[in-house]
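J.: Structure below; questions to follow.
The values are calculated or read from the model by the stated rules, or taken from the named source; none is laboratory data. Since the structure is predicted, the reported quantities are computational estimates derived from the model, not experimental observations. Cβ coordinates were reconstructed from backbone atoms using ideal geometry, including for glycine residues, and neighbour counts include every protein chain displayed.
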């Protein structure tokens, strides 16, 4: 059986659906922070345990042989908003789940890590090279740092009977039943439809490794299926400049009758810039198949078909939802802020 931590989330729900379709037995551990609607199609075919990843009951590990951990805080704004929760979930709970899983017979642990670990900013053009898993890293942002710390702790558990794998994913994009509009491609699509323009900071001249959500799901499936896999792997569909993403979004929207234009800014505030190679993982059989254009086309169709056009709904933005629930907890007089109960 496969345990998917964060299995009701943006990526997790798509992993669960794919694994169920392939006939795999799946158990989901999720706090339900964003609800469980994304699993409606398969809820009768999986075991769902509603629990905090920081306090996992031992029975959750019954019959589990592989753990996929896509839980925790998932971007810079949420990590910076609550550094304590970021470390608790992305580092401490990540390690504790692995440690307990090993004790109860789990054989493989697959961590959702991030290529943001490689971010070197824009200050030194000499550092703007394509990086592999052996590259020296020194992440400064809270989110990337938590992922690196989690990797370092996890690999201390590696032995002949327990394999740890860290998939350093590029920035994910594409449609999910638990939709997000706080990821760059998804944000551009939302902005084009809602506002009629696309904002390009630093004139879009920054690099980013990208990963289609469908390819991300296949990466986790491959990592599950390979018997002897362990270590760190970059997982990307391609490297691309942000300006190229914007041009493709504008092209797809124009083809479907939506007009939008570009707003260029020289601002470099909060900019991340890095490129990576996923050749190491490709040699094991990873073969990304979804193009940027295909993903945007599919996202446009699904967003409109499933009425996910209430653009300002905080559910689509991790930081907005966190702040919204914190405000609700404060109004209701809860002793704990919402993110402390994720």
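J.: Specify which of the listed residues (252, 290, 217, 303) is at pLDDT 95 or above, touching a strand residue (DSSP E or B) at 6+ places or on another chain (Cβ under 6 Å) and either within 25 Å of residue 9 (Cα to Cα) or buried (at least 16 other Cβ atoms within 10 Å of the Cβ) (or both).
T.: The conditions single out 290.
J.: Output the qualifying pairs, or none if there are none: Cβ atoms under 7 angstrom, residues six or more apart or on different chains, first residue in region 231-244 and more than 14 Å from residue 203 (Cα to Cα), second residue at pLDDT below 95 and not in a strand (DSSP E or B).
T.: none
J.: I would also like to ask the following. Any chance region 6-23 includes a residue that's free of Cβ contacts under 8 Å to residues at least 24 places away in the same chain and part of a loop (DSSP other than H, G, I, E, B)?
T.: yes
J.: I'm trying to understand the selection: among the residues of region 225-251, which are more than 18 Å from residue 172 (Cβ to Cβ) and not in a strand (DSSP E or B)?
T.: 225, 226, 227, 228, 229, 230, 243, 247, 250, 251
J.: From 64, 28, which residue is part of a loop (DSSP other than H, G, I, E, B), crowded, with 17+ Cβ neighbours inside 10 Å and in contact with a strand residue (DSSP E or B) (Cβ under 6 Å, 6 or more places away or on another chain)?
T.: On inspection, the qualifying residue turns out to be 64.
J.: Regarding residue 296, is this residue without any contact (Cβ under 8 Å) to a residue 24 or more places away in the chain and in a helix (DSSP H, G or I)?
T.: No: the conditions fail for residue 296.
J.: Follow-up question, since we're still on this one. Somewhere in region 67-80, is a residue surrounded by fewer than 16 Cβ atoms within 10 Å (Cβ to Cβ), over 24 Å from residue 163 (Cβ atoms) and in contact with a helix residue (DSSP H, G or I) (Cβ under 8 Å, 6 or more places away or on another chain)?
T.: Scanning region 67-80 turns up at least one residue that is surrounded by fewer than 16 Cβ atoms within 10 Å (Cβ to Cβ), over 24 Å from residue 163 (Cβ atoms) and in contact with a helix residue (DSSP H, G or I) (Cβ under 8 Å, 6 or more places away or on another chain).
J.: Filter region 308-319 down to the residues that are touching a residue at least 24 places away in the same chain (Cβ under 8 Å) and assigned to a helix (DSSP H, G or I), then identify the one that is surrounded by the fewest Cβ atoms within 10 Å (Cβ to Cβ).
T.: 315
Results for (1) free of Cβ contacts under 8 Å to residues at least 40 places away in the same chain; (2) farther than 19 Å from residue 90 by Cβ, shown as yes or no for each residue.
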position	(1), (2)
120	no, yes
139	yes, no
150	no, no
171	no, no
179	no, yes
182	no, no
207	no, yes
213	no, yes
219	no, yes
